[in-house]
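Following: one structure in structure tokens, then a few remarks.
The values are calculated or read from the model by the stated rules, or taken from the named source; none is laboratory data. Given the structure is predicted, the values throughout are model-derived calculations rather than measurements. Positions of Cβ are generated from backbone atoms using ideal geometry, with glycine treated the same way; all protein chains shown enter the neighbour counts. To get the accessible areas, we keep the full protein, side chains included, count just its heavy atoms, and leave off ligands, DNA and RNA. Shrake-Rupley method; radii C 1.70, N 1.55, O 1.52, S 1.80 Å.
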Amino acid sequence: MMRKPLSVNERMVVDLLLEHQSASRAMISKATGLSKPSTGELVVRLIEAGLVTPVGEVSSAQRGPNAVHFRAVTNLCHVAGVEMQPGRFVHAVVSDLSGAALSDVRIPQRGDDPVETVAEAVAAASAEAGIEPSDLWQVLAGTPGVVNPQGDMDFVSGHPAWRAGQRGRLAARLGCPVALENDVNLAALAEAESGSAAGVESFTLLRLDEGIGAATVVNRTLLRGAHGYAGEIGLAPTTVGGRLGSSSAGFQSLVGSAALQEVLDGLGLAGTSPEQALRDDAPGEALRTFRSEAARRVAVVVTTISTVVDPHCVVLAGTVGTAGAERFAAEVEELLRAESPLRTEVVPSLLGAGGVVSGALTLLREAARESVYGIGAVAAPVRTWPELRGP
């Protein structure tokens, strides 16, 4: 897969074509600052190398013959981003070097063994994209729980079948390289690329769903911890007192969806889910009480995070975290500022349910391009996510 690294100018041309899908020699020359003869020679070399191909003439409003456009050849490498949620679903998307999704498969988790369902989803997504799973340059799977520094599972709370050795089993099953990463870490990467944290140097993504997880980026560096446990905030007990409340059984029992459902049940709203209650604009004392209590509990978690790492903002993600959108985030931020000197901004995620797979594909795309093209004019963003390796 690894080719001779492109020159700075060659890589600049390829990056331009990847960004704009197609361009003429004149457009490439203008955008890169290269002379027209140099541009022509570069394009010919890239065509001969199989990295660029002509796509025909494109009509122009200007006088003269239509210009021939060129595009980057993007099917040289395929990758798969996966989100796997125990007992719930597996979501797999196959992409090429362009970053565009060629397939999108979501199936329910079957049985206790995660490998079989993940393999089934990746195989289906690969078939939809017209390739075999063994043709994939790499699969990056986001999973709840702790992924150790070696890139393998440590554990997923409450799911003993999700244990060490899953990475090797999945690679053997698919016949291609596999990497594992914590799902919230991948969602944070996506948020930094194109979500609410785009352009933010330091932030925490707080994912509130059936479980609770966090990922913190400081100065564009993901905090992983010595053993991969950084962000496993659901395991952390809290004894915060005062108006923000208290709990000694851990944050999971404070703001997990099951804990919030108990609050709703106690208010006589057993037929309403936490997501519905946070979205609902209908008047009612019970709903107002629930939203205030939910904001108070989330503020406990945000306070703990902010006093330790002092991020610019906390992004609320997950089905519970985003249900109330800007209104709920503002309620949490208002309570935070009323109860402490902290000035952390609280905002909802912009990416919805696809953040984990989007983050996986972003990371894979950058690594795959470096493998195919070599180091060139445009360096990949500095990250501390695990190194990805091709076959």
**Item:** Most fluctuating residue given options 206, 267, 278, as computed from a GNM of the chain linking Cα atoms under 10 Å
**Value:** 267
**Computed magnitude of the charge dipole of the range 117-204 (debye, nearest 20; Cβ of K, R +1, Cβ of D, E -1)** = 380 debye
**Asked** In sequence order, what are the phi-derived ³J(HN,Hα) couplings for the range 206-212 according to the Karplus relation 6.51 cos²θ - 1.76 cosθ + 1.60 with θ = phi - 60°, rounded to whole Hz, with x for glycine and proline?
**Response** 10, 9, 10, 9, 4, x, 9
**Asked** In terms of the Cα gyration tensor, with a ≥ b ≥ c the square roots of its eigenvalues, is the range 279-362 rounded because a/c is under 1.5, prolate because a/b exceeds b/c, or oblate?
**Response** oblate
**Request:** Would you work out which of 142, 166, 127 lies farthest towards the positive end of the dipole of the range 95-192, given +1 charges on the beta-carbon of Lys and Arg and -1 on that of Asp and Glu, about the Cα centre?
**Result:** 166
**Item:** Assigned charges on the beta-carbon of Lys, Arg, Asp, Glu; the range 84-237 dipole about Cα centre (debye)
**Value:** 280 debye
**Message:** Quick check for you: with a 1.4 Å probe and neighbouring chains kept, what is the accessible area per residue of the chain, in Å²?
**Reply:** 44 Å²
**Complete:** Per the helix-only model, the chain has a calculated mean residue ellipticity at 222 nm (DSSP H runs of ≥4, -39500 (n - 2.57) each, divided over all residues, rounded to the nearest 500) of -12000 deg cm²/dmol
**Asked** How big is the charge dipole of the chain about its Cα centre, in debye rounded to the nearest 20, if each Lys and Arg gets +1 on its Cβ and each Asp and Glu gets -1 on its Cβ?
**Response** 1040 debye
**Asked** Carbon-plus-sulfur fraction of the accessible area of the chain, 1.4 Å probe, in percent?
**Response** 52 percent
**Item:** Accessible surface ranking that places the most exposed of 69, 159, 312 first, with a 1.4 angstrom probe
**Value:** 312, 159, 69
**Request:** Let me know the Rg and Dmax you get for the range 1-49 when you use only its Cα atoms, in Å.
**Result:** 10.4, 31
**Complete:** Ordered by number, the trypsin sites (Lys or Arg not before Pro) in the range 301-373 that occupy a DSSP loop and have at most 14 other Cβ atoms within 10 Å are 343
**Message:** With unit charges on the beta carbons (Lys and Arg positive, Asp and Glu negative) and the dipole taken about the Cα centre of the chain, which residue among 76, 276, 373 sits farthest to the positive side?
**Reply:** 373
**Prompt:** For the chain, what are the DSSP H helices with axial Cα length of 20 Å or more and mean Kyte-Doolittle hydropathy of at least -0.5?
**Reply:** 114-129, 285-309, 325-339, 355-373
**Asked** For Rg/Rh (Cα atoms, Kirkwood Rh), which listed value, [x] 1.04; [y] 1.12; [z] 0.96, comes from the coordinates shown?
**Response** [x]
**Fill in**
Residue by residue through the range 89-100, the couplings from Karplus 6.51 cos²θ - 1.76 cosθ + 1.60 with θ = phi - 60°, in Hz, x for Gly and Pro, are 7, 10, 10, 10, 10, 9, 9, 10, 5, 6, x, 6
**Request:** Would you mind computing, in nm to one decimal, how far apart the modelled labels at residue 276 and residue 334 are, each placed 7 Å from Cα along Cα→Cβ?
**Result:** 2.6 nm
**Item:** Prolate/oblate/rounded call for the range 130-221, Cα gyration tensor, a/c under 1.5 rounded
**Value:** oblate
